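Q: Before we start, here is the structure in question, set down as structure tokens.
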Amino acid sequence: IEDAGLKLCGIEIEAQSVARALVPFDAVEPILIVDMDALKTALIMVEKAVLQFTSSVPIAGNNFTDKLAKSLNVTPSVAEKLKREVGLANTVEYPNLKTELMPGVEDLAAEVKNILKFHYDHSETHIGQLLITGGGAKLQHIGDTLSPMLDVYAPLQVTVANPLEHVPNLEHSPLTPYEALSFTTAIGLAMWGIEQT
């Protein structure tokens, strides 16, 4: 870093930046964050606004894109567009879209259940909120589809996050909350920078 002419101000794990962006500093209840990027999904547990643990699973945005590209015989860019614009829904033009994507969502739900079970095996506090973020959260209907799969841990509110919600003094953003999903880590890291000044 120094050879690149940069001054090192700090180093932190990605999960800490994500948690800072999404969880208010005064939050008490535990929150589970599902951070889906292109290559992996990080499952991040935060309680009393403090990072408790993280886990990483190889279910990610690219898995869904590749599945669609192969099954529909389209390019990855077309598959990515379908994933973001139609997502987990069957349409007249694409009657099997949701069907093709559901195995991946079911795998993700199973991993989330493992984390929830681990939490309840070691804690009496209830997790009432699950936030989905990262570029993979742009998969349309992911929250609505995932929510009933986790009913065994109800009440659990499953929401696609707004990474801009807790940025201090933000009046106008060049990004919409939907676009900001791909930049959650960077937003949280920038918020750390604000705290240091």
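The values are calculated or read from the model by the stated rules, or taken from the named source; none is laboratory data. Bear in mind the structure is a predicted one, so any value in this text is a computation, not a measurement. Virtual Cβ from ideal backbone geometry, glycine too; neighbours counted across all protein chains shown. What goes into the accessible areas is simple: the full protein's heavy atoms, side chains included, and nothing from ligands, DNA or RNA. Shrake-Rupley method; radii C 1.70, N 1.55, O 1.52, S 1.80 Å.
Q: Relative contact order of the chain: what whole-number percent is it, with Cα pairs under 8 angstrom and at least 6 residues apart?
A: Result for the chain is 26 percent.
Q: Still on this structure: How high is the relative contact order of region 107-197? Use alpha-carbon pairs under 8 Å, at least six apart in sequence, and give a whole percent. List each step's numbers first, then the result.
A: Working: 74 pairs, mean separation 27.0, N = 91.
Relative CO of region 107-197 lands at 30 percent.
Q: If you put +1 on each Lys and Arg Cβ and -1 on each Asp and Glu Cβ, how big is the dipole of the chain around its Cα centre, in Debye rounded to 20?
A: Charge dipole, the chain, about its Cα centre: 420 debye, nearest 20.
Q: In Å², what does the accessible area per residue of region 1-47 work out to with a 1.4 Å probe? Could the numbers behind the result be given before it?
A: On the way: 2560 Å² over 47 residues.
Here the residues of region 1-47 average 54 Å² of exposed surface.
Q: What label, among (1) 32, 19, 15; (2) 29, 22, 15; (3) 30, 19, 16, belongs to semi-axes √(5λ) of the Cα gyration tensor in Å computed from the structure on display?
A: Correct label, based on the coordinates given: (2).
Q: At what distance in angstrom do the alpha carbon centres of region 10-48 and region 121-140 lie from each other?
A: 9 Å
Q: Sticking with this one: State the Cα centre-to-centre distance between region 61-114 and region 146-197 in whole Å.
A: 23 Å
Q: Compute, for region 108-197, the length of the dipole vector about the Cα centre, with Cβ point charges of +1 (Lys, Arg) and -1 (Asp, Glu) only. Units Debye, rounded to 20.
A: So the magnitude is around 180 debye.
Q: Enumerate the calculated ³J(HN,Hα) couplings along region 89-106 in order (Karplus 6.51 cos²θ - 1.76 cosθ + 1.60, θ = phi - 60°), each rounded to whole Hz, writing x wherever the residue is Gly or Pro.
A: 8, 8, 10, 4, 6, 10, x, 10, 4, 4, 4, 5, 8, 4, x, x, 5, 5
Q: Output ³J(HN,Hα) for region 26-36: one whole-Hz value per residue in order, computed from phi by the Karplus curve 6.51 cos²θ - 1.76 cosθ + 1.60 with θ = phi - 60°, and x for Gly and Pro.
A: 9, 5, 10, 5, x, 10, 9, 9, 10, 9, 9
Q: With all protein chains present and a 1.4 Å probe, how do Phe25, Phe118 order by accessible area, largest first?
A: Details: Phe25 185, Phe118 100 Å².
Accessible-area ranking of Phe25, Phe118, largest first: Phe25, Phe118.
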